[in-house]
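Working notes for the structure below.
The values are calculated or read from the model by the stated rules, or taken from the named source; none is laboratory data. On a predicted model such as this, the values are computed, not experimentally measured, just so you know. We place every Cβ from the backbone using ideal geometry, glycine too, and count neighbours over all the protein chains shown.
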Amino acid sequence: MKVSQLTLEMLSSESEKILKTLPIAHYLKVDTIPVVFDNLSSTSYFNPSEFTIHVALANIADAIIGSGKNEITNADLEKTIRCFLYHEISHAILTPKNLMTSANGWTLLNPTLANILEDERIETLLSNYYHNVDFKENLHNVVKLQQARDFTSFVFNAVRFRYCPINNKDVNNHVNDFIKKTSHIGALSGDEYYLCSLMEKLIKYLKGIWDSLPKSTSKSASKQPSEATGDGDGEGTQSEETSSTSNEDEEKATEQTEEKGKSQDSSCEDEQNDDKNAENAENDSLEDSSSRPEEEETSNEENAENEKTITLDECEDADSPLSDEEIEQAVAEVVLLLKQESADHGKYTMKIKDFQCDNNTKVELLKVIVRNVGTGIHENQAQYGYSGRFNAKRFMKDYNDSCKWFEKRAYEDNQKSKKSSKKILNIWLDQSGSFRSNDDAVNNVLKALYEIEKKRNDFEWNLIRVDEHFTIENDKEKRYSKSSGGNALPKEEIEKCYKQLNKTGYEYNIVLFDGEVGDENAAIYLARVERNYKLGKISQHDYEYYKKSEQDMDYQNLKVFDNKRSIFIVERSNIRPIKTVCSNAKSIIEQNSGYANALAKNTIKALDLLF
């Protein structure tokens, strides 16, 4: 069946049927995710408020129906539609929604060129991700690879077909390098500027190659109109739109210049000059007529050269620069952002099981624990009296004085009382906005703890969110870090949470803070507020407000952690007041990305002692 025989209604109906068979939720590793057609949008996108993927049907129609020149058999139609559906779904999860706006606003990058690069980026990254989907085969089926006629079609050939008349391997390496550097970017990653800047860098490199081609190629390119070689957001019409847009812009600019010239001529020329110009124009017309056959012959030769179809053997391979494992990880991180954004809109409920552990060394050690601690111990077994107990010394090169600190605590505890059957680890986690950069790394550790807890019936861990309040996360599936807001140290809330979670006196507490979580001079400011109130300098309302504010910032409120089973992992500004208030607790100074590593290291030591 010819594509030209397809109507939009027929294509829409067929696409609806095929869409229902696609296991999108399986690929994104979610329970369910609706995928719907959007007849109004020109781009496919993810809607976080609905946790839904919207597919731009117009792009698929343009790609398949296009100019009507392509022919697809009835047998191939289903495969072609399915491939374009996956292409658009890939846009929805990987392409920043504001990419084209960013391309215009932040760089001199032509949005059409940006779309060519983005099409190649998403298809190459996911080239082996979907079963029985071959993006490159689909591209070759619907588009004929021909000699470039202008810079846009040259970019399309170099990027999408991986064909360049010179330096082909080097060009291919540059494209792969661009894709690898942007493999982490997804629809909601907020890296539009970085993506656009790398696109612009690649386009500048390709422009240099284009300018180095023989002048005859460039000259013929400027004279020849472009035909369809790509897609708008799909495949079949991109270069047609690109070339037509480029040519239309040039024509409009030429028309405007001519109109402006005519306007200026009419304002300064008289009737005599008009007659003279008319006579000259007639003579020029005769001269053009005499030279036309030679120009037509040259034009035909250039057309023949440009119509030459390039074989696929002349193209470089476009395998993904990432391994299958790296692709899986990249998609998992992208989907995680989609879930988090939807959770903010109340549409998707985030669960700790959704998180993926990375290959961080410390997290790998936690995985070792998962594999070695077994399934649990009986109530009457001693702390170390079970088969298969691991020793942190075997897994950690930095088994330093911190671990000795834990060993000393464990020895003292064993001398005092028999161990409880339930081993409890409490993690008090900073959730202020400044801690946000640590969320992903910390969640890797929390996910590992989640796995350990599932494997052992004698272990439990709790997450206490520390922002302007101290709140125990009672939903075990929501024990993950998502930082925003500010900090405070409300004394009553701290004491209530601590008493609720430390009933036996043998629990471990790890407290993570960045920045200045409290005010070292809170007591001084509080005394000043009380004095000013007594002198009548502030009202009753202001007094209550300032009093509560200063009380909630006092480091003294952390006094409940002044014991040998509590560890503070904090930024340097907190060390002095914490050591003053909690002299028996252990304090560790960490900055920037060190929090997650310190948490993992000390969690391993705590588990080593707990088990």
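Of the residues Arg576, Arg565, which single one is in contact with a strand residue (DSSP E or B) (Cβ under 6 Å, 6 or more places away or on another chain), in the same structural domain as Ile510 (by TED's automatic domain parsing) and not β-branched (Val, Ile, Thr)?
Arg565
Where in segment 435-552 are there helices (runs of 4 or more DSSP H), lying fully within it, with 1 or more residues that are in contact (Cβ under 8 Å) with a residue 60 or more places away in the chain?
Filter on segment 435-552 gives 439-455, 491-501, 540-551.
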Look at segment 438-451 and say how many of its residues are at pLDDT 85 or above and either among the hydrophobic types (A, V, I, L, M, F, W, C) or on the phi > 0 side of the Ramachandran plot (or both).
5
Sort out which residues of segment 158-173 are part of a helix (DSSP H, G or I) and either not β-branched (Val, Ile, Thr) or not assigned by TED's automatic domain parsing to the domain that holds Leu213 (or both), and write them in order of number.
Ala158, Arg160, Asn168, Lys169, Asp170, Asn172, Asn173
Determine which single condition Asn584 fails, assuming it passes every other condition in (1) exposed (fewer than 14 other Cβ atoms within 10 Å of the Cβ); (2) of a type in the set (S, T, N, Q); (3) in a helix (DSSP H, G or I).
(3)
Have a look at Gly505, Gly518, Gly486, Gly536 and point out the one that is surrounded by 13 or more Cβ atoms within 10 Å (Cβ to Cβ) and either small (Gly, Ala, Ser) or in the same structural domain as Asp439 (by TED's automatic domain parsing) (or both).
Gly518
Odd one out for Leu145 among (1) modelled with pLDDT of 90 or more; (2) touching a strand residue (DSSP E or B) at 6+ places or on another chain (Cβ under 7 Å)
(1)
Just give me the residues in segment 190-205 being buried (at least 16 other Cβ atoms within 10 Å of the Cβ), in a helix (DSSP H, G or I) and in contact (Cβ under 8 Å) with a residue 40 or more places away in the chain, in sequence order.
Glu192, Leu195, Cys196, Met199, Glu200, Leu202, Ile203
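Which is under 26 Å from Asn141 (Cβ atoms), of a type in the set (S, T, N, Q) and at pLDDT 85 or above, of Ser90, Ser67?
Numbers: Ser67 fails: at pLDDT 85 or above.
Checking each option against the conditions leaves just Ser90.
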Residue within segment 144-154 that is over 18 Å from Asn110 (Cα atoms) and part of a helix (DSSP H, G or I) present
no
Can you confirm whether Asn176 is assigned by TED's automatic domain parsing to the domain that holds Ala63 and crowded, with 23+ Cβ neighbours inside 10 Å?
no
Could you list, in sequence order, the residues of segment 172-192 that are under 15 Å from Glu120 (Cα atoms) and touching a Phe, Trp or Tyr at 6+ places or on another chain (Cβ under 8 Å)?
His174, Thr182, Ile185
Leading residue by the ranking (modelled with the highest pLDDT) among those in segment 585-611 that are more than 31 Å from the chain's Cα centre (by Cα) and among the charged types (D, E, K, R):
Lys586
